[in-house]
Structure formats: structure tokens, C-alpha cells
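The values are calculated or read from the model by the stated rules, or taken from the named source; none is laboratory data. Being a predicted model, the structure only gives us computed values, none of them experimental. Counting neighbours? That spans all protein chains shown, and the Cβs are built from the backbone with ideal geometry, glycine included. Surface accessibility is based on the protein's heavy atoms, side chains included, excluding ligands, DNA and RNA. Shrake-Rupley method; radii C 1.70, N 1.55, O 1.52, S 1.80 Å.
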Amino acid sequence: METEQQIIEAVAEAVKALYGGEADAKALQLQKTKENFEGNLTLVVFPLLRISRKKPEDTAEEIGAWLQKNCPAVEKYNVVKGFLNITVAQSSWVDMLNAVNADPNYGEKKAGADAPLVMIEYSSPNTNKPLHLGHVRNNLLGWSLAQIMQANGCKVVKTNIVNDRGIHIMKSMLAWMKWGNGCTPESTGKKGDHLIGDFYVMFDKHYKEECKQLEEQYAAEGMSADDAKKKAEQEAPLIKEAHSMLVKWEHGDKDIRALWQKMNSWVYAGFDETYRALGVSFDKIYYESNTYLEGKKKVMEGLEKGIFYRRPDGSVWADLRPEGLDEKLLLRSDGTSVYMTQDIGTAEMRFNDYPIDKMIYVVGNEQNYHFQVLSILLDKLGFKWGKDLVHFSYGMVELPNGKMKSREGTVVDADDLIAQMISDARKTSDELGKFSDMSEEEKNNIARIVGMGALKYFILKVDARKNMLFNPAESIDFNGNTGPFIQYTYARIRSIMRKAAEQNVSVPEKLGADTALNEKEVQLIQKMLAYKDAVAQAGKDYSPSGIANYCYELTKEFNQFYHDYSILNAENDAACATRLLIAENVAKVLKNGMRLLGIEMPERM
């Protein structure tokens, strides 16, 4: 039994023995004792006063005395007003350290046969442009959330929905047909997603030129500036051609469909390369070109059941005013679908493929209303998880030089960012002299691990709900709340272990019950043990930042300990063995915690 649980149960026995009452389990909460007070764990006794019918100080004193006499895990106690501060017996800390050491996945649960199935959707790219900085945050959050839910004993399916249809796709295709001269990723030496993105930007450039000329023409004819602009945007030859292509695509035109498939295949190959660099993957990928048809079927089914209604112009709507929302368009008057329809179709396909218990959508906060509506619609349509779907809503991410605009080609490209991070990690490590005695291959691999660790940690340590400013220069720092700081501490511990092996000093499999621990060692063990709670809380809150901040706090605690106490040159062999076992398990917990963030840990730096 874990020590905290042992003490809580002993408190319940004390309340019954002393006051003849049954304590509410929710009232028995142990907290870490505040730094300025003696003790390891603190019990707040105020909720117990209705049973004891005594003053807070007297209640705490009586319970403390009973625990010291009857609970082996309690060494001593002190009372501060209504707070009972408990010092845990050293033998209990040793037992808990031994338990952590014996469990390679301490703090994490395995999914049982009856574990809930959680599906997590993330990435959701468009096939008309490469992945950018916003996608990086999305992918890292989605991947980390999947690892956290697995660590909490859930079965997880990682899924992606690719936006591979619509007018924006036609724009890239039309530009390629007009100005591409048959070029391919192979002939240009460009990744496919970058090549198609270039044509999307090219379309916008030519389209704006056409609009400008038409605006001037309409203005000369006496039209107001606003009307001239609006009409120009509708009448520009390029946009008309793009819409014509979309109609042909909708009707299955063989040539348009063939070009669409070919250009999309270039993009997918590019996406896959970026996903590999980010270290993310998916168990199932869905495509909107398939799901929108299923969505239309599901909407028509809802129409027949009276869940939705049709307006005189033929469009289909959902009336959500009883729920305090607006009416929502589901099918246009010409029968074409909207994004909501596609999401309903995707849900239908997923529900048929998997017995989903919970659905989590990792999508930016600009879509908050969309998912509020989607939840209601899916519930009305009979999806058991519809009402409780989770919109993992995250804020925007920007660089110091401002916002991104896809059409103007000013996005912060994911591939460029990844390459920059790895390059900066190599440069910083070279300047700090951390690459001595390494082969070029090892230097490059560590630069990749550190660069990607810096990128991932900097993004994931921020509360996902907040907008954030990503500064590459700040992220690669071997001090402070950064990925490289935690990675370097891990590598330092691994170096200590190698030196111990060279000196024929072995790490014990377990410590004896009579092992002596100093205050700093106890604090470090206690912080290490908190990993279990951090994983559970991160799963409850859907919060990768909780894991990131825990890893940072544990790293700080270890570095303070390492500053104050020698490990290999400890005062005696017993102290050396104890500290080696503590250090080894700190490294293990850090590696496991950072793994939940998708971050690799280097054996040396």
C-alpha cells in the first residue's frame, strides 16, 4: 500500500477511535507540507471538527498523537493551528523509492480489456499548402495528449482528417495548369507540399491583379468602391475558372479527378516527411472527399426524422435556438455541404470504424462555437459520445515578427522551423563546447534531439488555451525552463552512471529498510513520487503543460540536490549507493515524462 493511502486510512481509524464517527473520505486530503514548516505531508483538520466537536488545534494534536502511536509510516508530527504536519518515517520513504525502482513505468497505467477507447483528432491539414507553425502546435499537442491518455490507462486511436476538397484546392490546381509547365517535385527538387503551396500563392497573386483591374473598370463606370471591390472578386476570370473546376470535380470529371489525385499524392508525401521530423503519426486518416458524402446522408436522415428542417429555397437547417444558439446551415440550396456537414460525416465513419467512448478534437480556439454546435447535433443524431465530446481548444502561436498569412506566402513554414531549430542547437552546443570527443554522426543526432526537444518543450510548457509567442532563440537555452535544460540534466545523470560503472560501483537493486536519508534526499524522493499525480492530473485536465512543468520542477530539485551533495564522492559507500539509486530513478521519471511530450532524451550532450 502506498504511504499516503496508508496514512489516510490511519486518520480514518483515528477519527473513529477518538470520536466515534466516520470521516468522509473526501475530507481526508493530504497535501505536501509548505516549505517553511517541518514535515512532509499536511492534513487539514477543519472538515473533521463537526465529528470531534473540539478546537482545530486540539483535534490536530489528538489525531497526530494517535497516528504516531499506531501508524508505522508516521515518525512524528507538529500542529500549526488547524494543520497537522506529518513527518513520514524514513523506512517508508525507502519503501516508496524501492517501489519506484521496481516499476519501469511508475505512475502510468496499462489499458485493460475494458479500458475506454479515446479517439483524438489532430493535424487536419489542407492539401493546398505545407504545414506551418500553427500546425506544429496542433500536432505536438495532439500527439502528447494521446500519450498522456494512454498513460492514464485508456485505449487511444490517433486520427487525422485531411481537407482535400474545396475551392482552395482548385486554386492550386488551376495555377499549376496555367503556369506549372508540367513541373513535379522531382523536376523542381521541392517537397510536394511546398510546390503546391507555391501555386496557391501564385493564384492569389494573379487573382489580386485581376481584381485590381476590374475594380478600376467598375469604379470608372460609376460604381462605389465597396461595390466595385465585391463585384471584381466575384467576376475575376480566375475565380470563375476555379469554381468551374470545382463543379467538374463534384461531378467526377475524369481529368480533373486525375490531376487532383496526382497533386494530392505529392502533398501527402511532403506531409509524411514533416510528420516524421516532428515525431508524430496517426492510426487512421480520413479524407473530407469521402466524409462529406456521408455527412449529406446523415443530414438527410436527420431531416426525415424531423431533427432538421428544409427552407423554401431547398437548404437544410438545424434550429438550435432552444439551446440558446442560432440556426445552423447544414446543406446549401444547391445541395452542397458545409464544414459542419463534413464533420458529421466524419463522425459517422469513425463511429462505424471504432467503438468510441470519448472523442477529442484538437482544434484552435477560433472554432469554439463550431464544436459547441457539433456536440449538440451529434447528440441529436444519436452518437453516444456526442454530448460529451471534448474540443481541446488551443490558442494561436506566433513568432516575434508577427502573424502568418497563407495566401501571401508569409507563413512560418514547419520544415524551415525544424531545420532552424536543429541548426541552432548544433551552433549553441558547438559554442558551449558540449560536443567534444563525439563523431560527426553523433553530433548531428544530438543536435536533432536537442533542437526538436527545445521546440516541443517550449510549445508544450504553455497552457494550451493561451495564445503564445514562440521565440526560437529563447527555447535553446541550457538553463531555465527549457527542453535542453531538462535534457542536459538527464545526460548528466547518465554520465554519472557511466562513471560509476567505470569505477566498479554498482547501483543497488533496492535499499535496506534501515537506510538513512537526509532531508534533501527525502525531498527529491517526494518530488519523484509526485509524477503519478502529475500524470493523473494531466489526463484529467487534458494538459501536456502539466507534465512539462512537473519535469522542470523535478529537474530543478535534482540540480539543487546535486549542487549540495556529491554522489560518487559521497561520505560513505551507503550514501553513494542511496544517491545512485535516487539519481537513476530521477532519470527514469524524467525520460518517461518527456516521452509523454514526444521528446527524446540524449544519453550524453
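Considering each residue of the range 84-93 in turn, at least one proves to be closer than 27 Å to Leu517 by Cα and open to solvent by 40 Å² or more (accessible area, probe 1.4 Å). Taking the listed residues Asp541, Asp564, the one that is free of Cβ contacts under 8 Å to residues at least 60 places away in the same chain and closer than 30 Å to Phe392 by Cα is Asp541, with no other qualifying. Looking across the range 306-323, the residues that are of a type in the set (Phe, Trp, Tyr) and under 14 Å from Ser337 (Cβ atoms) come down to Phe308, Trp317. Within the range 507-528, residues that are within 24 Å of Thr33 (Cα to Cα) reach partners that are open to solvent by less than 30 Å² (accessible area, probe 1.4 Å) and of a type in the set (Phe, Trp, Tyr) with beta carbons closer than 7 Å, at six or more positions or on different chains, in the pairs Leu517/Trp93; Lys520/Phe561; Val522/Trp93; Leu524/Phe558; Leu524/Phe561; Ile525/Trp93.
In the range 366-390, the residues that are within 12 Å of Gly302 (Cβ to Cβ) reach residues that are open to solvent by less than 20 Å² (accessible area, probe 1.4 Å) and of a type in the set (Val, Ile, Thr) with C-beta atoms within less than 8 angstrom, at least six apart or across chains, in these pairs: Leu377/Ile344; Leu378/Ile344; Leu381/Ile344. Against the numbered list (1) surrounded by 20 or more Cβ atoms within 10 Å (Cβ to Cβ); (2) over 35 Å from the mean Cα position of the chain (by Cα), Asn585 comes up short only at (2). Of all the residues in the range 542-582, those that are open to solvent by less than 40 Å² (accessible area, probe 1.4 Å) and over 23 Å from the mean Cα position of the chain (by Cα) number 13.
Just one of the listed residues (Ser429, Ser406, Ser436) is modelled with pLDDT under 95, surrounded by 17 or more Cβ atoms within 10 Å (Cβ to Cβ) and closer than 22 Å to Glu603 by Cβ, namely Ser429. No other residue among Val15, Val44 is β-branched (Val, Ile, Thr), surrounded by 15 or more Cβ atoms within 10 Å (Cβ to Cβ), closer than 28 Å to Val100 by Cβ and at pLDDT 90 or above apart from Val44. Screening the range 157-209 for residues that are of a type in the set (Asp, Glu) and surrounded by 18 or more Cβ atoms within 10 Å (Cβ to Cβ) and picking the one that is nearest to Asn126 (Cα to Cα) gives Asp164.
One residue alone among Val100, Val74, Val79, Val94 is under 26 Å from Arg595 (Cβ atoms), more than 23 Å from the chain's Cα centre (by Cα) and not acidic (Asp, Glu), and that residue is Val100. Filtering Ile476, Ile449 for residues that are at pLDDT 95 or above and either open to solvent by less than 40 Å² (accessible area, probe 1.4 Å) or not polar (S, T, N, Q) (or both) leaves a single hit, Ile449.
Is there a residue in the range 563-572 that is part of a loop (DSSP other than H, G, I, E, B), farther than 20 Å from Ile86 by Cα and touching a Phe, Trp or Tyr at 6+ places or on another chain (Cβ under 6 Å)? Within the range 563-572, not a single residue is part of a loop (DSSP other than H, G, I, E, B), farther than 20 Å from Ile86 by Cα and touching a Phe, Trp or Tyr at 6+ places or on another chain (Cβ under 6 Å).
Take the range 527-541 and flag every residue that is crowded, with 18+ Cβ neighbours inside 10 Å and either polar (S, T, N, Q) or over 16 Å from Ala99 (Cα atoms) (or both). Within the range 527-541, Ala534, Val535, Ala536, Ala538, Gly539 meet the criteria. Out of all the residues in the range 259-306, which are of a type outside the set (Phe, Trp, Tyr), part of a helix (DSSP H, G or I), under 30 Å from Ile446 (Cα atoms) and open to solvent by 40 Å² or more (accessible area, probe 1.4 Å)? Answer for the range 259-306, where residues must be of a type outside the set (Phe, Trp, Tyr), part of a helix (DSSP H, G or I), under 30 Å from Ile446 (Cα atoms) and open to solvent by 40 Å² or more (accessible area, probe 1.4 Å): Ala269, Asp272, Glu273, Arg276, Ala277.
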